[in-house]
Amino acid sequence: MNNVFRQSGRRLVAFAGWFACAVAIGIICGLTGCAFSWCVTNATGFRTAHSWMVFLLPLSGLIIVYMYRRSGEYKTRGTNLVLASINESEHIPFRQAPLIFISTVITHLFGGSSGREGAALQLGGSIAQNIGRVLHMNDEDVRTITMCGMSACFSAVFGTPLAAAIFSMEVISVGIMHYAAIVPCVVSSFTASLVARQLGFVSEVYVLPEIPVFAPGTAIITVLLAIIFALASILFCRVLYGSEVIFSHIRNPYLRVMLGGALVAALSVLLGTQDYLGTSIPLLASCFTGAAIPLYAFALKLLFTALTLSSGFKGGEIVPSFVVGGTLGAALAGLFGLPTGLFAACGVIGLFCGVTNCPITSLLIAFELFGFKGMPYFAITIAVSYMLSDYYGLYSTQRILYSKFSDRRINEKTKK
């Protein structure tokens, strides 16, 4: 009996320690995430009001490359380094945080097509891991606190605390969940969400105006569209990787980033629109208002994103994947006379699931962004997309531990 009480006492002490640590990380990363969101939002607003800013995109790329090279970061790995720090105990230098913060804001200020959430993962992971090392934590605890920081910053920036809590545990190794981190990740994520809410940062919520009764006919249509979303997620990964290979032939990083910026600016002028610059959140929002979305919109957003990120600009791939999936879903729904809002939502989560290999997080994002009423459509889309997206993924250091097609362990890195 005494042994039982001692073990329970040790667990309570461990719980209290991690709870306090997670609250602290949630506050620190929550404040950092809010500052980052504020900067990106205002940079986007300024660029939208001054459309000529896009012409300076090539020159702004020179600043980004110079900052990284001056800091000794000659080969940036971004979110891949954060995942590797958990899978392989690699160290994330603290300079990663200010570098990704400033360079992402610059990218959005001048019109580069990228997201915020990938940068948030790097910010949170870098800050939390270095705090863990200052506190002389062992390797296992450093990995846990890194995931804790990822969840907190993702939650503050994107406003989906439940999905953020699970994402950092699910994205590391596909097929298993790092449940030892569940208390730190959940507590830090919701703490950061509360911090963001207190500071006036409200999460995006999209209302689906029409959700048809779930029936055999609509189920079959959902499966067919989910197959398309799975294939589109493979295309997303292949285009990003292929563009990296193409740009890598330009050895000079300054020339590389100037070329990418010039191409993005030129395409924007030729198309006569800024819809594909920055996060393209207004374009995504229009998918839920009944606006007609052309079928080529998803391809253009993918092209703008590939040119931006592969040439040396910074940001994330997650929001661009939302926009690509949302516009594809809305366009296909419009062609078949289906509710555009519902299938735009299915496209968002279908693409996200395919490129991240995170089905549980995808379902939670669906509930937090679109509500619960579309649950049958969301669940089918995610299941089909997860299975048929093969082993492709945004992050080359992500590990697929178990097969998607049979009950066997494979332990492979994702394809690109």
### Summary
Those residues of the range 369-399 which are within 15 Å of V319 (Cα to Cα) and open to solvent by 10 Å² or more (accessible area, probe 1.4 Å) amount to L394
### Query
Can we say G61 is open to solvent by less than 10 Å² (accessible area, probe 1.4 Å), in contact (Cβ under 8 Å) with a residue 12 or more places away in the chain and not aromatic (F, W, Y)?
yes
### Where V171 falls short, out of the listed (1) crowded, with 17+ Cβ neighbours inside 10 Å; (2) free of Cβ contacts under 8 Å to residues at least 24 places away in the same chain
(2)
### Task
Report, by residue number, each residue of the range 232-274 that is touching a residue at least 24 places away in the same chain (Cβ under 8 Å) and assigned to a loop (DSSP other than H, G, I, E, B).
Q274
### Query
What's the number of the condition V239 fails, among (1) among the aliphatic types (A, V, I, L, M); (2) within 18 Å of the chain's Cα centre (by Cα); (3) open to solvent by 40 Å² or more (accessible area, probe 1.4 Å); (4) closer than 23 Å to T144 by Cα?
(4)
#### Entry: One residue from R70, R133 being open to solvent by 20 Å² or more (accessible area, probe 1.4 Å) and closer than 29 Å to I176 by Cα
R133
### Query
Would it be correct to say that A292 is surrounded by fewer than 21 Cβ atoms within 10 Å (Cβ to Cβ) and either under 21 Å from V65 (Cβ atoms) or at pLDDT 95 or above (or both)?
no
### Query
Could you give every pair whose Cβ atoms fall below 9 Å, whose first residue belongs to the range 78-91 and is farther than 19 Å from E412 by Cβ and modelled with pLDDT under 80, and whose second residue is of a type in the set (K, R) and open to solvent by less than 50 Å² (accessible area, probe 1.4 Å), counting only separations of at least 6 or pairs across chains?
G78/K314
### Flag for E140 being among the acidic types (D, E) and not in a helix (DSSP H, G or I)
no
### Task
Considering only the range 52-71, state which residues are of a type in the set (G, A, S) and closer than 14 Å to A265 by Cα.
S60, G61
### Task
Within the range 293-342, track down each residue that is more than 20 Å from the chain's Cα centre (by Cα) and on the phi > 0 side of the Ramachandran plot.
G337
#### Entry: In the range 379-416, the residues that are of a type in the set (V, I, T) and in contact with a strand residue (DSSP E or B) (Cβ under 8 Å, 6 or more places away or on another chain)
T397, I400, I410, T414
### Query
Consider I220 against the criteria (1) part of a loop (DSSP other than H, G, I, E, B); (2) over 19 Å from L369 (Cβ atoms); (3) among the aliphatic types (A, V, I, L, M): it satisfies all of them except one. Which criterion is unmet?
(1)
### Query
Is there any pair with a first residue in the range 203-214 that is on the phi < 0 side of the Ramachandran plot and of a type in the set (G, A, S) and a second that is part of a loop (DSSP other than H, G, I, E, B) and buried (at least 16 other Cβ atoms within 10 Å of the Cβ) whose Cβ atoms are under 9 Å apart and which are 6 or more apart or on different chains, and what are they?
S203/G159; S203/T160
### Task
Check whether at least one residue in the range 40-51 is more than 30 Å from L270 (Cβ to Cβ) and surrounded by 15 or more Cβ atoms within 10 Å (Cβ to Cβ), and report yes or no.
no
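The values are calculated or read from the model by the stated rules, or taken from the named source; none is laboratory data. Values in this document were obtained by computation on a predicted structure and should not be read as measured data. So basically every Cβ, Gly included, is an ideal-geometry build from the backbone, and we count neighbours across all protein chains shown. Side chains are part of the model used for accessible areas, which takes the heavy atoms of the whole protein and leaves out ligands, DNA and RNA. Shrake-Rupley method; radii C 1.70, N 1.55, O 1.52, S 1.80 Å.
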